[in-house]
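The structure appears right after this line, and notes come after that.
Nothing in this text is a laboratory measurement; each read-out follows from the coordinates by a stated rule. Every value quoted in this text rests on a predicted model; they were computed, and no experiment measured them. Note: ideal-geometry Cβ built from the backbone for every residue, glycine included; neighbour counts use all protein chains shown.
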Amino acid sequence: MATPPSHFEENLLCPVCRDIFRDPVLLLCSHSFCWACLDQYWELSGSQKCPVCRTDFCMDCPPCNRALKNLCEIFLQERSKTASAEPELFCSAHGEKLQLFCVEDQHLVCSVCVTDDMHVKHTFRPMDEAAVALKIFISTLNIVNKFSFQEVYKTSLKPFQEKHKLLKLEKFICNQRVKHIKNQAEQTEAHIKKEFEQLHQFLHDEEAARITALKEEEEQKRMLLEEQTIRINSELSSLVERIKITEEEIETDNISFLLKYKGAPESTQCISPCPEKLPEVLINVAKHLGNLKFSVWQKMKSAAQYIPVVLDPNTAHPCLHLSDNLSDVRFGQWSQQALGYSDKLEGYTSVLGSEGFSSGTHYWDVEVGDNTTWALGVISESAIRTRDNLPSSGLWRLGFHNGTYGQSLSGELLTPLAVKQKVQRVRVQLDWDGGRVSFFNPLTNTHLHTFTHAFSEKVFPYFCNVCSSQALRILPVEMAPAGLEVQRFSALISRIEK
């Protein structure tokens, strides 16, 4: 095992060849190298950079590090003196000193080995002479093969250079995605704030309306009580006046009293009508506070729209542009923020729903209007990756192109359908458990087509639009109990089967 270099010797080693410096040169960054090592490194790398710190070297030729060169020469002289006292080696077979070198067998032998049968007709050279000749041969061979070695070295670098290019491309895509994610987050945050501003405004208006209703009821009840108070005060004044007159008559002398006496007043004349019952004129607190949150929620639900299928912008073709509420898809110019598409002409302009279905019954209505080229349907999860080139299986769609309605299973061409009336709206109905995908015209309640298939994986709503004049729009639906929707769907399927 070789002895590890000392700390002093470690400072005399070239960082490239890890041997004692030969003709050391000094760079501006204070690192030193063998001139031959540095020149070869620069030639292979194609740039004048420090192999250690990658600092550019702007001079034509680096200066010689003379002090380091002198130290290396002194160290080599001292090491050669120490190495001159080489230990004597002896033949393991004969115990004699090894002094000769067998040219054919390429190893050291003793004087007795020369006469051995194993070395008959072999050529022998003295050990020192053979060592010098072999060193000269190796040096000459290295010089001859220098350029071919460099070519081999350059060839071996090609896989690393290709991988370097791929990694740089991947890094570029990652940086682009970071920017795209930041832009997505900013736009989504702005839309969220806008939606909640509308909700806040709705709640503020509802609060103001309910407080106004409370104030109006308070004013009505207060005015009613004030009228009742005026009537009571009038009756009180009349009664006080009557009491006063009666008391004065009683105080007169007997003759005067008898002359003015006309009989005792009837008791009914002194009884005033009963006032209205107080509960009838109090604030109807139960009406204002009872199920307040639920009532507001019910009103909010009736004002809000529910879209049964929400589009997923991460699956949209770069030429498709979605509305803020992710219900409209329109064909337009190529998006600069598109990721995953390298060719502007690649693929069909399609987008998927954000949620897939693996059970149950579902439907959604799409306003196609006067759109000249469109397709609607469902696509299986396994076919999503090849949807832009129309997969061989897993896509069930109905479409309109060149004035003709048609249907197709997977990547097949559209098979014409006999549709008598122009379709402005299409309903897509999926019965995953029953294995049906049906298409209807909900405005005329007309059945267009039905696919049957035993679904075994999740499917996603599929939308394709190639018309720039009009968008495909998923229409909102009125919220209804789940059982009622199932009943409606079952009844419609039964009618189709009949």
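General observations
- Links that overshoot a 24 Å alpha carbon limit, given the list Lys193/Lys287; Lys420/Lys458; Lys215/Lys293; Lys49/Lys163; Lys182/Lys301: Lys193/Lys287; Lys420/Lys458; Lys182/Lys301
- Other residues with beta-carbon under 12 Å from the beta-carbon of His164 carry, at +1 per Lys or Arg and -1 per Asp or Glu, a net charge of +3.
- Note that segment 301-308 has calculated 3J(HN,Hα) couplings of 5, 5, 7, 7, 9, 10, 9, x Hz, one per residue in order, obtained from phi through the Karplus relation 6.51 cos²θ - 1.76 cosθ + 1.60 (θ = phi - 60°); glycine and proline are x.
- Rounded to whole Hz, the Karplus (6.51, -1.76, 1.60) HN-Hα couplings of segment 418-424, x for glycine and proline: 7, 10, 6, 10, 4, 9, 9
- Alpha-carbon centroids, segment 168-184 and segment 48-73: separation in whole Å: 40 Å
- Amide proton proximity set for Thr55, modelled H, under 5 Å, gap of 5+: Cys50
- Over segment 182-233, the reciprocal of the mean inverse Cα-Cα separation, the Kirkwood hydrodynamic radius, stands at 14.5 Å.
- Formal net charge of residues neighbouring Arg473 (Cβ-Cβ distance under 15 Å; K, R +1; D, E -1): -2
- Residue-wise HN-Hα coupling along segment 172-187, computed from phi with Karplus coefficients 6.51, -1.76, 1.60 (Hz; x: Gly, Pro): 4, 5, 4, 5, 5, 5, 4, 5, 5, 5, 4, 5, 4, 4, 5, 5
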